[in-house]
Amino acid sequence: MIVENIKHDIKIQILKADKAFTNNLGQLHFEGLLSEDVDTLSEVLKKVILGFQVYRVLSIVISAALAAVSLLKYFDSIDSVNLNKAGIFIIMTIVFLVQTSTLYKVKVNLENKIYLLDLLKKMDGK
């Protein structure tokens, strides 16, 4: 009886993870996220981790560059840069930061789903 309750709770947690994979428009971020196959999910996880790392590095580099240019401009070290027209630079920084946080959320939920599926598989004795 207790084992069945635990299995039911695990299945509910897997369903919650599946709901977290969709964006605000109801579309999946990556194909194969709703699969129940651990191998398929592991392949998708590799893609998600790679995307997360790329966007994380890009957001760090662009944020650091924006901060450096802002400080140089503040101390009047450079006069050729007009920060009033640096909107694209700022928007790129915001986009990369949002994409990084989105991929982090997908990565964490996918790792949790793989763990829960492995746990459910061990409980079934397969």
Would you please list the contacts, defined by Cβ atoms under 7 Å and residues six or more apart or on different chains, that run from a residue in region 40-65 that is among the basic types (K, R) to a residue that is part of a helix (DSSP H, G or I)? R56/T100
Hey, can you tell me all the residues within region 5-33 that are surrounded by fewer than 17 Cβ atoms within 10 Å (Cβ to Cβ), in a loop (DSSP other than H, G, I, E, B) and either of a type in the set (D, E, K, R) or more than 12 Å from the chain's Cα centre (by Cα) (or both)? N24, L25, G26, Q27, E31, G32
Which residues, counting only those in region 18-39, are out of contact with any Phe, Trp or Tyr (no Cβ under 8 Å at 6 or more places or on another chain) and free of Cβ contacts under 8 Å to residues at least 60 places away in the same chain? K19, T22, N24, L25, G26, Q27, E31, G32, S35, D37, D39
Pairs where the first residue, in region 1-17, is over 14 Å from K121 (Cα atoms) and the second is not aliphatic (A, V, I, L, M), C-beta under 6 Å, 6+ apart: A17/N109; A17/N112; A17/K113
Are any of the residues in region 34-55 among the small types (G, A, S), assigned to a helix (DSSP H, G or I) and within 14 Å of K113 (Cα to Cα)? yes
Anything in region 71-103 that is loosely packed, with under 15 Cβ neighbours inside 10 Å, of a type in the set (S, T, Y) and either on the phi > 0 side of the Ramachandran plot or in a helix (DSSP H, G or I) (or both)? List them, or say none. Y74, S101
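Values quoted throughout were computed directly from the atomic coordinates according to the rules given, and no laboratory measurement underlies them. Quick caveat, the model's predicted, so the values are computed rather than measured. When we count neighbours, we look across all protein chains shown, and the Cβ atoms used for this are built from the backbone with ideal geometry, even at glycine.
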